[in-house]
Amino acid sequence: MRKDVRILLVGEPKVGKTSLIMSLVSEEFPDAVPLRAEEITIPADVTPERVPTHIVDYSEAEQSDEQLYHEISKANVICIVYSVNNKKSIEKVTSHWIPLINERTDKDSRVPLILVEDSDLVEHSSMETILPIMNQYSEIETCVECSAKNLKNISELFYYAQKAVLHPTGPLYCPEEKEMKPPCIKALTRIFKVSDLDNDGILNDIELNFFQRTCFNMPLAPQALEDVKNVVRRNMADGVQDNGLTLKGFLFLHTLFIQRGRHETTWTVLRRFGYDDDLELTQEYLFPLLKIPPDCTTELNHNAYLFLQSVFDKHDKDRDCALSPEELQDLFKVFPYMPWGPDVNNTVCTNEQGWITYQGYLSQWTLTTYLDVQRCLEYLGYLGYSIICEQESQAAAITVTRNKRIDLQKKQTQRSVFRCNIFGAKGSGKSGFLQAFLGRNLQRQKTIRQDHKSFYAISTTYVYGQEKYLLLHEVFPDFDFLSDSDLNCDVVCLVYDISNPRSFEYCAKLYKQYFLDSKTPCMVIAAKSDLHEARQLYSLSPLEFCRKHKMHPPQSFTCNTAEVPSKDIYMKLTTMAMYPHVTQGDAKSSSFWLRASVGATVFAVLGFAVYRALLKQR
């Protein structure tokens, strides 16, 4: 909403513009009226809308045309004053003032107009003449009959002027068609879907009361709730269903508010859900301030995961713990565009039909938060996070982790998401390594279309009984042009093809140039281990290279299996990322990996039991 309102009064000389302003200020008719009143400012605390209001007078005798044009360009609303006993002033409304104002304002954002009839000492009205004018010009908000001498409707005039700026009719309603405009319907439809917490297409009493409390800070009494529904019932057959308000009923109510001059009610709802005067979600709503210091990462907190779980649950209609394409489409109806492309299905876990599972859904949100937190804030804004969770903004959903250097000093971390960058020559098996993490063997990987390929994979692993997210990123194999983003990670994976004698050389050179003196732990992956092993054409064998640089021995890996590929290697990578301070010698000890894997196995079994119990409840 605007921070202030600027009202300009124009009209022919001696129609009462200055008298109206002076009567408002002094609350009495002035004995002497100057040619022009000085600009006055009404403080916010004495206006109904709590917004400072500036009232500006215009005098043809004292001001030039250029000064008038300047004032028109600055005005938020313009009052065209005419006198009932001055026919010329009425004629000039359409022959001069409206064309002049329209000429000096942008066509797409016309300033609202109010016609002001000064009826001092005159008992008859000119409404018969004015009504056709109001019907002809959509920018005219209303017409107000005033009398500066009798103090009639003076404060009401300036209230309506303020209301025309803060709660304009134009963006909401088309008077010719007598219906709401499409952008307004679109915005209110999104608000309905966000407020429909169980996604059954009906706002029940609990949802209506939550909506009422959210927008107006007070619930509706049971009788008032029934009265509202009865109004809808009387006017449309399908506005109320199962004693709840349908979308049609919801839209009808707002049409009724606007038609009865209560469009401030609709604007209060729209602004509470983040909309500006053009019915677009504001930048402040979508992108709240969030400070992220260097070397810190961003993660979703517990309340954010609970919210996202509730969003998943209300759209998983068949309760199969996966979102079908139709269910996913329905979930994203509150977005102005489809945010997830087909590559997402190859970034996270899916079921046998290729539908994103509950785990995959949360993983994708985790990935977005880690890689592009501003986009995550935007997405949560579309879903109405701050409104449903009663938070100041979406920023309340984000945890900014502490600096990684502090984690190293304290030898412990509170982070839940760890990044592993995957390096290797072309054809070494990097993509297969990513897809195997999502439980896909080579046969299933062959069904992935090239244009749907993803360079990321994210899923959960378990270390010492703790669930963590491991984010794998396949780095493009351009040895000479690696960016800071390519090198900035928690653990490095160097992948070579054991059947290609020139494959390991790339890994060795890359390690020596970029990671030899780095504190980032590294692991060598001997990929395609089901194939015949060729002797690598490098001065040291992969095993000798790892020994020389105090690294783990190369880890054998293949995704050419009948079963789902093992996750042990990913658990090891997560452990290395969590405990980078552990020396390579300690990490190579079998007891170190055994403790981590036993904890993971126990947690996974318990987790599956809890998962099944939750599924039964759902």
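The values are calculated or read from the model by the stated rules, or taken from the named source; none is laboratory data. Just so it is clear, the structure is predicted and the values come from calculations on it, not from any experiment. Cβ placement follows ideal geometry from the backbone for every residue including glycine, while neighbour counts extend to all protein chains displayed. When the accessible area is computed, the model is the full protein with side chains, heavy atoms only, and any ligands, DNA or RNA have been set aside. Shrake-Rupley method; radii C 1.70, N 1.55, O 1.52, S 1.80 Å.
Exactly one of these conditions fails for Glu299: (1) in contact with a helix residue (DSSP H, G or I) (Cβ under 9 Å, 6 or more places away or on another chain); (2) of a type in the set (D, E, K, R); (3) over 23 Å from Ser393 (Cα atoms); (4) in contact (Cβ under 8 Å) with a residue 12 or more places away in the chain. Give me its number.
It is condition (3) that Glu299 fails.
Going by the conditions given, is Val334 over 27 Å from Phe455 (Cα atoms) and modelled with pLDDT of 95 or more? Working first, answer last.
Details: over 27 Å from Phe455 (Cα atoms): yes; modelled with pLDDT of 95 or more: yes.
In short, yes.
So which of Glu62, Glu141 ends up being open to solvent by 20 Å² or more (accessible area, probe 1.4 Å), of a type in the set (D, E, K, R), assigned to a loop (DSSP other than H, G, I, E, B) and in contact with a Leu (Cβ under 7 Å, 6 or more places away or on another chain)?
Glu62
Return the residues of region 254-270 that are under 27 Å from the mean Cα position of the chain (by Cα) and aliphatic (A, V, I, L, M); say none if nothing qualifies. I'd like the intermediate steps shown before the answer.
In the first step, residues of region 254-270 are kept if they are under 27 Å from the mean Cα position of the chain (by Cα); the result is 254-255, 263-270.
Val269, Leu270, listed by residue number.
If you go through region 275-307, how many residues are open to solvent by 20 Å² or more (accessible area, probe 1.4 Å) and among the aliphatic types (A, V, I, L, M)?
5
If you take the residues of region 521-547 that are touching a Pro at 6+ places or on another chain (Cβ under 7 Å) and assigned to a loop (DSSP other than H, G, I, E, B), which of them is most open to solvent (accessible area, probe 1.4 Å)?
In this case the residue turns out to be Arg535.
Pull up region 254-274, narrow it to residues that are assigned to a helix (DSSP H, G or I) and open to solvent by 40 Å² or more (accessible area, probe 1.4 Å), then point me to the one that is farthest from Thr413 (Cα to Cα). Lay out the reasoning, then the answer.
Taking region 254-274 first, the residues assigned to a helix (DSSP H, G or I) are 254-259, 263-272.
Filter again for open to solvent by 40 Å² or more (accessible area, probe 1.4 Å), leaving 257, 259, 264, 268, 271-272.
Working: Phe257: 54, Gln259: 59, Glu264: 50, Thr268: 44, Arg271: 40, Arg272: 38 Å.
My answer is Gln259.
Looking at region 77-92, can you tell me whether even one residue there is of a type in the set (Asp, Glu), under 29 Å from Asp276 (Cβ atoms) and not in a strand (DSSP E or B)? First the steps, then the outcome.
Quick first cut of region 77-92, residues of a type in the set (Asp, Glu) only: 91.
Filter once more, keeping what is under 29 Å from Asp276 (Cβ atoms): none.
Within region 77-92, none of the residues are of a type in the set (Asp, Glu), under 29 Å from Asp276 (Cβ atoms) and not in a strand (DSSP E or B).
Test of understanding: among Leu245, Leu251, which residue is farther than 17 Å from Leu377 by Cβ, in contact (Cβ under 8 Å) with a residue 12 or more places away in the chain, within 25 Å of the chain's Cα centre (by Cα) and outside any loop (DSSP other than H, G, I, E, B)? Break it down into steps so the answer makes sense when it comes.
Values: Leu245 fails: within 25 Å of the chain's Cα centre (by Cα).
Of Leu245, Leu251, the one residue that is farther than 17 Å from Leu377 by Cβ, in contact (Cβ under 8 Å) with a residue 12 or more places away in the chain, within 25 Å of the chain's Cα centre (by Cα) and outside any loop (DSSP other than H, G, I, E, B) is Leu251.
Does Val51 satisfy the condition of being within 24 Å of Thr265 (Cα to Cα), touching an Asp or Glu at 6+ places or on another chain (Cβ under 9 Å), at pLDDT below 90 and open to solvent by less than 20 Å² (accessible area, probe 1.4 Å)? Even if it seems obvious, please write down each step before you answer.
Numbers: within 24 Å of Thr265 (Cα to Cα): yes; touching an Asp or Glu at 6+ places or on another chain (Cβ under 9 Å): yes; at pLDDT below 90: yes; open to solvent by less than 20 Å² (accessible area, probe 1.4 Å): yes.
Answer is yes for this residue.
Select from region 144-162 the residues that are among the hydrophobic types (A, V, I, L, M, F, W, C) and not in a helix (DSSP H, G or I) and write down the one among them that is nearest to Val77 (Cα to Cα). Steps first, please.
Taking region 144-162 first, the residues among the hydrophobic types (A, V, I, L, M, F, W, C) are 144, 146, 148, 151, 154, 157-158, 161.
Adding the requirement that they be not in a helix (DSSP H, G or I) leaves 144, 146, 148, 151.
Numbers: Val144: 14, Cys146: 17, Ala148: 20, Leu151: 22 Å.
The qualifying residue nearest to Val77 (Cα to Cα) is Val144.
Please find, among Ile154, Ile185, Ile202, Ile191, the residue that is touching a helix residue (DSSP H, G or I) at 6+ places or on another chain (Cβ under 6 Å), open to solvent by less than 70 Å² (accessible area, probe 1.4 Å), in contact (Cβ under 8 Å) with a residue 24 or more places away in the chain and not polar (S, T, N, Q).
Ile154
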